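Bear in mind these aren't lab numbers, they're just calculated from the coordinates by the rules spelled out. This one's a predicted model, so the numbers in the text were calculated from it and none came from an experiment. Neighbour counts run over all protein chains shown; Cβ positions are idealised from the backbone, glycine included.
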Amino acid sequence: MEVLDTNMINIIISKSLKKGTSYTDYRALVSNLVKNESTTGNEKTEAMANYTMLNDRRMKRWDKTVKISETLKNEIKKFDKKVTLLVITESWCGDAAHIMPVINKVAELTPNINYKIVLRDENDELMSQFLTNGGKSIPKLIMIDEETKKVVNTFGPRPNAATKMVNDYKTEHGTITPEFKEDLQHWYNKDKGQSTLEDLVQLLK
């Protein structure tokens with residue numbers, strides 16, 4: 001992969017931001033895809049459409065049930081820099097369905113956060129600059145200072161606690177199994193977005 005200089009990366013980000021959508025519009029897109037038994041991304045298979053349907057349900061649930069403690073709310077409201085949180089995703093991504101509603105809850109608490117979403121397969125140039133261990137893992141959050149237009153931090157594709165689970169499992173078993181993926185979904189359900197919230201608050205610091 002070609003490593004570009006800061007100016008080129010800023011140009012790529014700027015191009016992608018022009019295609020960026022709000023969380024509300026993204027949710028409407030996913031709901032519409034479900035009605036049409038379709039999905040985002042280059043791979044329009046029945047399996048991917050099914051994942052999109054599952055994720056639409058997950059996001060609906062988290063939109064209603066994610067709770068932020070008063071302590072974390074105060075931390076978020078104290079954030080006084082203007083940033084854009086640009087998230088690269090696809091509708092079929094299981095991790096994204098658990099994380100994106102949490103990012104939205106954080107963004108709703110302060111006018112200083114502008115939350116934008118772009119699709120991975122439509123923004124390959126952008127994705128290629130923000131790989132995880134050489135892979136195009138999503139969701140990937142890019143935090144951009146609105147004044148300087150510089151990337152100040154990144155997050156993803158999972159909260160730290162889930163990343164540790166994945167890495168530990170890979171070390172022990174060599175690969176991720178369908179059974180582990182199911183265990184990870186149970187972990188997200190039990191965690192109720194709290195690990196993601198804590199990581200996001202650290203990001204803002």
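Numbers below:
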quantity	calculated
Number of positions in the range 133-148 that are in contact with a strand residue (DSSP E or B) (Cβ under 7 Å, 6 or more places away or on another chain) and surrounded by fewer than 21 Cβ atoms within 10 Å (Cβ to Cβ)	3
Output for the range 151-183, where each listed residue is in contact (Cβ under 8 Å) with a residue 24 or more places away in the chain and surrounded by 16 or more Cβ atoms within 10 Å (Cβ to Cβ)	V151, F155, G156, P157, R158, P159, A162
Scope the range 105-132; condition among the aliphatic types (A, V, I, L, M) and touching a strand residue (DSSP E or B) at 6+ places or on another chain (Cβ under 9 Å); matching residues	V106, A107, I113, I117, V118, L119, L126, M127, L131
Residues satisfying the stated conditions in the range 1-52, i.e. among the hydroxyl-bearing types (S, T, Y), touching a residue at least 12 places away in the same chain (Cβ under 8 Å) and part of a loop (DSSP other than H, G, I, E, B)	S22, S38, T39, T40
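Listed here are the residues, each with its yes/no results for (1) part of a loop (DSSP other than H, G, I, E, B); (2) touching a residue at least 60 places away in the same chain (Cβ under 8 Å); (3) closer than 28 Å to N42 by Cβ.
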| residue | (1), (2), (3) |
| --- | --- |
| T110 | yes, no, no |
| N114 | no, no, yes |
| I117 | no, yes, yes |
| D121 | yes, yes, yes |
| E125 | no, yes, yes |
| Q129 | yes, yes, yes |
| I138 | yes, no, yes |
| I142 | no, yes, yes |
| K149 | yes, yes, no |
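The rows are residues; the columns are (1) touching a helix residue (DSSP H, G or I) at 6+ places or on another chain (Cβ under 9 Å); (2) within 16 Å of D95 (Cβ to Cβ).
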{"position": "E147", "(1), (2)": "no, no"}
{"position": "G156", "(1), (2)": "yes, yes"}
{"position": "P159", "(1), (2)": "yes, yes"}
{"position": "K164", "(1), (2)": "no, yes"}
{"position": "F180", "(1), (2)": "yes, yes"}
{"position": "G193", "(1), (2)": "yes, yes"}
